[in-house]
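The values are calculated or read from the model by the stated rules, or taken from the named source; none is laboratory data. Computed from a predicted structure; not experimentally measured. Cβ coordinates were reconstructed from backbone atoms using ideal geometry, including for glycine residues, and neighbour counts include every protein chain displayed.
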Amino acid sequence: MWDGFSSGSPHQDGRESRIARWDFIDHETIFAGQAASPYLGKPLDAYCVSMATPDHSRITPSLIPPDFERALREIAKAQFRTEIFVDDLPAPQRIAPHATAIQGEVTLDGVGIGSGRLVVLHDPDGEEAWEGTFRCVAYVRAEIEPEHAADERAVLAEVGWSYLTEALAARHADYHAASGAITLVSTQSFGSMADEPSRAHLEIRASWSPTGNFQAHVEAWADLLAAASGLEPIAEGVSSLPSARQRNLKAERG
């Protein structure tokens, strides 16, 4: 099931973008605009936008709790496919006492087709909304076929959420209290820009409370990023949706 909304907003340069969003909590849909954020009193986008906070962590080695130190070691062991470049990202400081973050970009023949971020939060005292002491917060943005965005919005929303659950299952990454939102954005050009091709992208915002080895959760996030970007799956059980860039490359190669 799904609930969503769409709206059109013209740009001064002759483009119009249409946006539709579906929110999920533990596989159940909530009405768009409700707070799916695991942080009480903060809007849904807050825990995704905050991933890009350009402040460096103030945690010193002597203050790192043993559980978070273990998580950092396991995260460092994560391996990624060659199409995904992963780098460190300054972690947010105000959401939880301890945090670490990474960012990834998917490239195909030198062209970027997807990007994402992952933040791992830790509060030794636990958070009621997390139902635990750790929380993974992920954001993924990927190009998709404009035809899919126009004709299969509801299906794509469910598929986008399944990218996450399939990736976690394939990596045997146990979790609970999952929540998130799927957003589809399509752009059509008009007037003097009418010759510009239509564009569309998928945005996945999700969070879950991880258990077990953090390497599996980081690699599941990378699988989510790959699937949303249309790369052929490597992990068993993870499906993907071909992107417009892949279609063009196949056409160029005959």
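In table form, for the structure just shown:
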| read-out | value |
| --- | --- |
| Within segment 83-178, strands (runs of 3 or more DSSP E) holding 3 or more residues that are small (Gly, Ala, Ser) and under 22 Å from Val218 (Cβ atoms) | 98-108, 111-127, 132-143 |
| Residues that are acidic (Asp, Glu) and touching a Ser or Thr at 6+ places or on another chain (Cβ under 9 Å), drawn from segment 94-121 | Glu105 |
| Only one of Val120, Val111 that is under 21 Å from His201 (Cβ atoms) and in contact with a helix residue (DSSP H, G or I) (Cβ under 8 Å, 6 or more places away or on another chain) | Val111 |
| Residue list for segment 80-94, restricted to those being over 18 Å from the mean Cα position of the chain (by Cα) and either more than 14 Å from Ser229 (Cβ to Cβ) or modelled with pLDDT of 95 or more (or both) | Gln93, Arg94 |
| Top-ranked residue of segment 57-73 - restricted to ones that are surrounded by 13 or more Cβ atoms within 10 Å (Cβ to Cβ), hydrophobic (A, V, I, L, M, F, W, C) and farther than 25 Å from Val140 by Cβ, ranked as modelled with the highest pLDDT | Ile64 |
| Count of segment 144-173 residues which are of a type outside the set (A, V, I, L, M, F, W, C) and modelled with pLDDT of 85 or more | 8 |
| Verdict on Ala76 being closer than 29 Å to Pro233 by Cβ, loosely packed, with under 15 Cβ neighbours inside 10 Å and among the hydrophobic types (A, V, I, L, M, F, W, C) | yes |
